[in-house]
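Novice: The structure follows.
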Amino acid sequence: MNIAREYRAIEAALTTYREQLDVIPDELFAETPADGSWSFSEVYSHIMKASSGSMIAMERCSNSNCPPTSKGLSLQGHFVLMFGCFPPVPIKTPDGTEGNKITEEDARNLLIKFRQRIEKVMPMVANSPAKVRYAHPNLGMLNAKEWFKFTRIHLQHHLKQIERIKKKFHLPK
């Protein structure tokens, strides 16, 4: 795995999330689509909660601050990391990472903080031990590099969700 390439992809995704905040009309940011799916606000809340949780896992693995384990990835974890995407079936959101309504300003601030933190963690991840793993609720036991890749995959996955919500509100691409 090329950490620098993963980092550039994470940065690109974060830039897209930031740019979308300028495109999404203020009055629609927290509005729930008619089908009851997540609002833009809830997606931003979810990605920042999940990304922060992934960051904690990366730091724990990088600092060898995890319980010892011989377990590895689940079948789903192998699939997601191998193909770089989630399977085309609904996935239950892990407890604690559900989306809540946040403001656009909160979303901007969370993106800035996450960008600063990932920049500091990247060198630690690059030098992290491969055998130190921390549990993901669906993907099994991931090491720091796998958590880093998962973060990129997760961010890119929800950019597609932002586009689906924009279509529901008949907003331009």
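The values are calculated or read from the model by the stated rules, or taken from the named source; none is laboratory data. Note that this is a predicted model, so its numbers are computed, not measured. Because the Cβ atoms are built from the backbone with ideal geometry, glycine has one as well, and the counts that use them run over all protein chains shown.
Novice: Looking at ALA57, ALA34, can you tell me which residue is of a type in the set (Gly, Ala, Ser) and more than 18 Å from HIS154 (Cβ to Cβ)?
Specialist: On the way: ALA57 fails: more than 18 Å from HIS154 (Cβ to Cβ).
Residue meeting the stated conditions: ALA34.
Novice: Turning to a different aspect of this structure: Please work out which residue is surrounded by the most Cβ atoms within 10 Å (Cβ to Cβ), limiting yourself to the stretch 1-26 and to residues that are charged (D, E, K, R) and modelled with pLDDT of 95 or more.
Specialist: In the first step, residues of the stretch 1-26 are kept if they are charged (D, E, K, R); the result is 5-6, 8, 11, 18-19, 22, 26.
In the following step, the residues that additionally are modelled with pLDDT of 95 or more were identified as 5-6, 8, 11, 18-19.
Numbers: ARG5: 11, GLU6: 21, ARG8: 12, GLU11: 15, ARG18: 14, GLU19: 10.
Among residues in the stretch 1-26 that are charged (D, E, K, R) and modelled with pLDDT of 95 or more, the one surrounded by the most Cβ atoms within 10 Å (Cβ to Cβ) is GLU6.
Novice: Do you know which residues across the stretch 17-61 are under 25 Å from MET124 (Cβ atoms) and hydroxyl-bearing (Ser, Thr, Tyr)?
Specialist: TYR17, SER51, SER52, SER54
Novice: Looking at ILE91, ILE165, ILE102, can you tell me which residue is β-branched (Val, Ile, Thr), under 28 Å from ARG18 (Cα atoms) and within 16 Å of the chain's Cα centre (by Cα)?
Specialist: ILE91
Novice: Test MET124 against the stated conditions and say whether it is modelled with pLDDT of 90 or more, surrounded by 13 or more Cβ atoms within 10 Å (Cβ to Cβ) and either assigned to a helix (DSSP H, G or I) or touching a strand residue (DSSP E or B) at 6+ places or on another chain (Cβ under 6 Å) (or both).
Specialist: Yes; evaluated as a whole, the condition is true for this residue.
Novice: Scan the stretch 127-155 for residues that are among the hydrophobic types (A, V, I, L, M, F, W, C) and assigned to a loop (DSSP other than H, G, I, E, B) and jot them down.
Specialist: Matches in the stretch 127-155: ALA130, VAL132, LEU139.
Novice: What are the pairs with Cβ atoms under 7 angstrom where one residue, in the stretch 24-52, is more than 16 Å from LEU14 (Cβ to Cβ) and the other, located anywhere, is β-branched (Val, Ile, Thr) and outside any helix (DSSP H, G or I)? Sequence gap at least six, or different chains.
Specialist: Final answer for the pair search is SER39/THR32; SER41/ILE102.
Novice: Return yes or no: is ARG108 more than 21 Å from ASN143 (Cα to Cα), among the basic types (Lys, Arg) and part of a helix (DSSP H, G or I)? Let's see the steps before the verdict.
Specialist: Numbers: more than 21 Å from ASN143 (Cα to Cα): yes; among the basic types (Lys, Arg): yes; part of a helix (DSSP H, G or I): yes.
Spelling it out, ARG108 is indeed more than 21 Å from ASN143 (Cα to Cα), among the basic types (Lys, Arg) and part of a helix (DSSP H, G or I).
Novice: Further question: What's the number of the condition PHE114 fails, among (1) modelled with pLDDT under 95; (2) crowded, with 20+ Cβ neighbours inside 10 Å?
Specialist: (1)
Novice: Looking at (1) surrounded by fewer than 19 Cβ atoms within 10 Å (Cβ to Cβ); (2) among the aliphatic types (A, V, I, L, M); (3) farther than 21 Å from LYS92 by Cα, which one does LEU75 not meet, given that it meets all the others?
Specialist: (3)
Novice: Scan the stretch 38-84 residue by residue and report those that are among the aliphatic types (A, V, I, L, M) and within 23 Å of LYS113 (Cα to Cα). It would help to see each step written out before you state the result.
Specialist: Of the residues in the stretch 38-84, the ones among the aliphatic types (A, V, I, L, M) are 43, 47-48, 50, 55-58, 73, 75, 80-82.
Hits for the stretch 38-84 are VAL43, ILE47, MET48, ALA50, MET55, ILE56, ALA57, MET58.
Novice: For the stretch 33-58, give me each residue that is outside any helix (DSSP H, G or I) and surrounded by 14 or more Cβ atoms within 10 Å (Cβ to Cβ).
Specialist: First, pick out the residues of the stretch 33-58 that are outside any helix (DSSP H, G or I): 33-39.
PRO33, TRP38, SER39, listed by residue number.
Novice: Cβ contacts < 8 Å: first residue in a helix (DSSP H, G or I), restricted to the stretch 64-78; second residue loosely packed, with under 10 Cβ neighbours inside 10 Å, any location; separation 6+ or different chain. Result?
Specialist: none
Novice: Kindly check whether there is at least one residue in the stretch 80-99 that is touching a Ser or Thr at 6+ places or on another chain (Cβ under 9 Å) and over 20 Å from LYS149 (Cα atoms).
Specialist: Scanning the stretch 80-99, I find at least one residue that is touching a Ser or Thr at 6+ places or on another chain (Cβ under 9 Å) and over 20 Å from LYS149 (Cα atoms), so the answer is yes.
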